[in-house]
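Heads up: the structure comes next, in structure tokens.
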Amino acid sequence: MFRKNINSVTTLIVILISSLVSAPNLADTKAVYPEKLAHLALECVHKEYPNKISHTMQSDIDLKPPRELTPSFYGCFDWHSSVHGHWLLVRLAKLYPEKDLSVQSIEILNQSFAKENLLIEKDYFQGTGRTAFERPYGLAWLLQLVAELEEWDDNQTAIQWRENIKPLENIVMERIVSWLPKLTYPVRSGQHSQTAFALGLFYDWAIITNNIKVSELIKNRSLNFYYDDKNCPLNYEPSGSDFLSPCLAEADLMRRILAPNEFAQWLGDFLEIPSEKNTVWIEPAIVSDRSDPKLAHLDGLNLSRAWMLEGIATGLPMDDPRKDILINSALQHANIALDAVTGEFYEGGHWLGSFATYLVTQRGL
């Protein structure tokens, strides 16, 4: 699944990291950027308010503050942002164990991933009226967090966290297995309800955890939903508050599912991608007001477009002429998007760091 064009990927890493932090050389930049991203998550994962909860109440008993309802994932404004904020901390602590941020992150994660807290999270999921809670976006990030812990198998603390989160993981897996066969039509939005993006993260988790049954279910449903799609209307994107591209997310999912030659043929029917070098194909989205939580979504769109464009490129055969334009477009989006990951406004600061981390650490490849 994790195929790469080494030359283009190396170029992308260099430019992405260089654009994130101004530094005299690449080595210095690599030393600084994890701290910048981790700081955003460390500031919010245990910051309870402001908070937007999606909470179905059955009685007065359910009237509780976020820290009591979901004691592991109550910060960062909403549940799903808290989950991928924790994912950010796990990923960077794993990749950069020598950094001070790793020590700080582990202290925070020890609190969040305490066994008793994660059991309350499991019980919350099983509450009446919560069958569709955080489906599919939050569920996808929860499994991405699990996948990160699954791969961190040389750290005893992380191994214990992995064990503690299994009951919640099992509930989420059961929800997905129950839901996907009943989903007659995929949701093609540019926000949390989008099916393609979630299926990509579900699939990565299933491969990493060697869950063949679920990976085959996801593959079959993806083919059923998308294999016959043609002429995706990319010129209709973006909508005013998108943070995911419907067209690119679908293609980024299908490159996981299909072999390179088959994917190349499918992509030719799905998107009209120019093959000429130095062609501007997709213009990055313009963000007019980063203090507006919906308009700030477009910064996330530029970040997710960048990693999806790169993912699509890596899914093609090595000699496919479309790879250059895809990588060039990814770089153009990344250079603009990473400049916006500052934390100046909490509207974007509570979640854009996770998207930036997913991009610059090439998690999806």
For a footprinting-style exposure proxy, rank 161, 266 by other Cβ within 10 Å, fewest first. 266, 161
For the residues 297, 84, 39, what sequence is obtained by ranking on other C-beta atoms within 10 Å, fewest first? 39, 297, 84
Estimated [θ] at 222 nm from DSSP helical runs (n ≥ 4, -39500 (n - 2.57)) normalised by residues in the chain, nearest 500: -19500 deg cm²/dmol
For the cross-link pairs 230/277; 52/323; 36/230; 182/230, which exceed 29 Å when the distance is taken from alpha carbon to alpha carbon? 52/323; 36/230
Any idea what angle helix 100-112 forms with the longest principal axis of the chain, computed on alpha-carbon atoms, 0 to 90 degrees, nearest 10? 50
Remind me, what semi-axes does the chain give for its equivalent ellipsoid, largest first in whole Å, using sqrt of 5 times each Cα gyration tensor eigenvalue? 31, 25, 20
If eta is 1.567 mPa s and T is 4 °C, what Stokes-Einstein diffusion coefficient results for segment 45-221, Kirkwood Rh from Cα pairs, in µm²/s? 77
Length added when fully stretched, residue 132-residue 318, from 0.36 nm per residue minus Cα-Cα: 62.9 nm
Between residue 49 and residue 241, what FRET efficiency comes out of the Förster formula 1/(1 + (r/R0)^6) with R0 = 25 Å and r the beta carbon distance, rounded to 0.05? 0.60
Give, in whole angstrom and from largest to smallest, the semi-axes √(5λ) of the equivalent ellipsoid of segment 320-359, with λ running over the eigenvalues of the Cα gyration tensor. 27, 9, 5
The extension gain from residue 269 to residue 39, computed as 0.36 nm times the residue separation minus the Cα-Cα distance, is 78.5 nm
So, in Å, what gap is there between the alpha-carbon centers of segment 312-346 and segment 54-74? 39
Please compute the modelled spin-label separation between residue 98 and residue 170, points set 7 Å along Cα→Cβ, answer in nm with one decimal. 4.0
Treating only the Cβ atoms of Lys and Arg (+1) and Asp and Glu (-1) as charged, compute the dipole magnitude of the chain about its Cα centre; round to the nearest 20 debye. 520
Tabulate in residue order the Karplus-calculated ³J(HN,Hα) for segment 72-81, using 6.51 cos²θ - 1.76 cosθ + 1.60 with θ = phi - 60°, rounded to whole Hz; enter x for Gly and Pro. 8, 10, 10, x, 6, 6, 8, 4, 5, 5
Kindly identify segment 146-221 as rounded, prolate or oblate by the Cα gyration tensor criterion: order the square roots of the eigenvalues as a ≥ b ≥ c, call it rounded if a/c is under 1.5, otherwise compare a/b with b/c, prolate if a/b is larger, else oblate. prolate
In degrees, nearest 10, range 0 to 90: what is the angle between the Cα axis of helix 297-314 and the longest Cα principal axis of the chain? 60
Which of 260, 246, 233 moves the most in a Gaussian network model of the chain with Cα springs under 10 Å? 233
Under the classification rounded if a/c is under 1.5, otherwise prolate if a/b is larger than b/c and oblate if not, where does segment 38-84 fall, given a ≥ b ≥ c as square roots of the Cα gyration tensor eigenvalues? prolate
Could you state the per residue volume, in Å³, of the convex hull enclosing the Cα atoms of segment 93-192? 122
Exposure-ranked with fewest Cβ neighbours within 10 Å first, 273, 61, 120 stand as 61, 120, 273
Pairing the Cα long axis of helix 115-125 with the longest principal axis of the chain, what angle in degrees results, from 0 to 90 and rounded to the nearest 10? 70
Under the classification rounded if a/c is under 1.5, otherwise prolate if a/b is larger than b/c and oblate if not, where does segment 206-317 fall, given a ≥ b ≥ c as square roots of the Cα gyration tensor eigenvalues? oblate
GNM on the chain, Cα springs under 10 Å; top mean-square fluctuation among 122, 47, 277 goes to 277
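Every number in this text was worked out from the coordinates using simple rules, so none of it is lab data. Note that the coordinates shown come from a computational prediction; the quantities given were computed from them, not determined experimentally. Methodologically, a virtual Cβ is constructed for each residue, glycine included, from the backbone with ideal geometry; neighbour enumeration extends over all protein chains shown.
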